[in-house]
Amino acid sequence: MEVDLSPKLCKKVYGGDGGSYYAWSPAELAMLKEGNIGAAKLALEKNGFALPRYSDSAKVAYVLQGNGVAGIVLPEKEEKVVALKKGDAIALPFGVVTWWYNKEDTELVVLFMGDTSTAHKTGEFTDFFLTGSNGIFTGFSSEFVSRAWNVDDKTVKTLVGNQSAKGIVKLDGSFKMPEPKKENREGFVYNCEEAPLDVDIKDGGKVVVLNTKNLPLVAEVGLGADLVRLDGNAMCSPGFSCDSALQVTYIVSGSGRVQVVGVDGRRVLETTVKAGHLFIVPRFFVVSKICDPDGMSWFSIITTPNPIFTHLAGRTSVWKALSPQVLEASLKVSPDVEQLFRSKRMNEEIFFPPPK
């Protein structure tokens, strides 16, 4: 599989005073197209308002920074206005309408990753705006707008003429947006930084998994996700997805080294990653990470709502399940070496603290 797996940074697509929208291009990150995956990032300044839109793809959104408000409208449902904070994950099924707003001084940054199998362009999200210079009002003729919404020509000209911005606007500080309701977060938002830990290894790392149990909407999205925080100089056990799922990883903070092994035992990626990098591990390829002294965290989506992973080291290692005779024969080693190999790491979890 001769595809460049090198991690990439996103590039600005559009924006202005209110903020900017960034995306990863399949022309630069070929695995986006190969894996039918899209990835983008929204950054809103104070009073920045991302206009209502729907997308051709189901997504998972993750709040990387700041606090804000989002409006979420599922097909034929009422609007849910939810408060957002760092660490929030939101499942956005196909056809959902959303808007995003930041009233705080700190920039609100939201990551989007999702499935583009229904998209117009493989490996890219296409947003369809309800308002703005590229919204639906600008495409229809005055006659159609007038008859569809039963308004006069003067109102039609106002509706169309006042929408000069594309995608993101900056509102006046005195403008009052809808207030979020605490109960609206239920079933729509799951905070990965406050959730119970699925894995917690002293001096190793921590994992929170997003699946159909804690956020049922991910079943409609068709994606699972996790937030992994690796302690300084710790290692993540080599492993692979055993259910033909792709893993798309965004480095949230810190830095470290990554190796990926593919077909015929060839190392297909060896690189250093840092905050802002996105990279994709193909189906069944084995990946492992060692972070730098300051640690590293990443948010990943997996292209199945309830992923299953096989690890090649640690307590759940497949080596531990194989009989000693099979290991001796396949590794071509003596019983003593087989016992030494089996005894190392076999009672540890998937994260290994740094050597002492």
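Helix-only mean residue ellipticity at 222 nm, the chain, DSSP H runs n ≥ 4 weighted -39,500 (n - 2.57), per residue, nearest 500. What is it?
On the way: 8 runs with 52 residues, N = 356.
Helix contribution divided over all residues of the chain: -3500 deg cm²/dmol.
Just to be sure I understand the model, the point goes 7 Å from the Cα along the line to the Cβ. What's the resulting Ser255 to Thr158 distance in nm?
Taking the simple label geometry, Ser255 and Thr158 are separated by 5.5 nm.
Ignoring ligands, DNA and RNA, what percent of the 1.4 Å accessible area of segment 194-309 is carbon and sulfur? Kindly include the intermediate steps, with their values, before the conclusion.
Working: 2340 of 4720 Å².
Ligands and nucleic acids excluded, carbon and sulfur reach 50 percent.
Taking the simple approach of a point 7 Å from Cα along Cα-to-Cβ for both Leu197 and Leu322, what is their distance in nm?
So the two model labels end up 3.1 nm from each other.
Choose one of Phe285, Ala275, Leu223: the residue whose Cα lies farthest towards the positive end of the charge dipole of segment 194-309 (beta-carbon charges +1 Lys, Arg; -1 Asp, Glu; about the Cα centre).
Farthest towards the positive pole: Phe285.
State the extension gain, in nm to one decimal, for the chain segment bounded by Ser142 and Ala275, taking 0.36 nm per residue of separation less the distance between their alpha-carbons.
Values: separation 133, 0.36 × 133 = 47.88 nm, distance 4.74 nm.
The Ser142-Ala275 span can extend by a further 43.1 nm.
In straight Cα distance, which aspartates and glutamates are under 19 Å from Lys206, not counting same-chain residues fewer than 8 positions off?
Correct list for Lys206: Asp88, Glu193, Glu194, Asp198, Asp226, Asp231, Asp292, Asp294, Glu348, Glu349.
Kindly report the accessible area of the chain per residue (heavy atoms of protein chains, probe 1.4 Å, no ligands, DNA or RNA), in Å². The partial results should precede the final answer.
Values: 17480 Å² over 356 residues.
Heavy-atom SASA per residue in the chain reads 49 Å².
Which pairs, out of Lys33/Lys59; Lys59/Lys182; Lys46/Lys157, put more than 20 Å between their alpha-carbon atoms? Kindly include the intermediate steps, with their values, before the conclusion.
Numbers: Lys33/Lys59 16 Å; Lys59/Lys182 23 Å; Lys46/Lys157 30 Å.
Violating the 20 Å limit, Cα to Cα: Lys59/Lys182; Lys46/Lys157.
Using 0.36 nm per residue, how much length does the chain from Arg283 to Glu186 gain when fully extended, once their Cα-Cα distance is taken away? Please report the intermediate quantities before stating the final value.
Details: separation 97, 0.36 × 97 = 34.92 nm, distance 3.28 nm.
Contour length minus the Cα-Cα distance gives 31.6 nm.
Using the Kirkwood radius built from alpha carbon pairs, what does the Stokes-Einstein equation give as D for the chain at 4 °C and 1.567 mPa s, in µm² per second?
Details: Rh = 22.0 Å.
Calculated translational D: 59 µm²/s.
Calculate I(q)/I(0) for segment 194-309 by the Debye formula, one identical point scatterer on each C-alpha and no solvent, and give its log10 at q = 0.15, 0.17, 0.18, 0.23 Å⁻¹ to two decimals.
Those come out to -0.65, -0.84, -0.94, -1.41, one per q.
Could you compute the longest span of the chain free of chymotrypsin sites (Phe, Trp or Tyr not before Pro) located in DSSP loops and having at most 16 other Cβ atoms within 10 Å, not counting the site residues?
Here the longest run is 1-139.
Could you work out which residue, out of Asp226, Asp105, Asp88, moves most in a Gaussian network model of the chain, that is, has the largest mean-square fluctuation with Cα springs under 10 Å?
Between Asp226, Asp105, Asp88, it is Asp105 that shows the largest mean-square fluctuation.
The values are calculated or read from the model by the stated rules, or taken from the named source; none is laboratory data. Everything numeric here is computed off the predicted structure, so don't read it as measured data. No Cβ is skipped: glycine too gets one built from the backbone with ideal geometry, and neighbour counts run over all protein chains shown. With ligands, DNA and RNA removed, areas are computed over all heavy atoms of the protein, side chains included. Shrake-Rupley method; radii C 1.70, N 1.55, O 1.52, S 1.80 Å.
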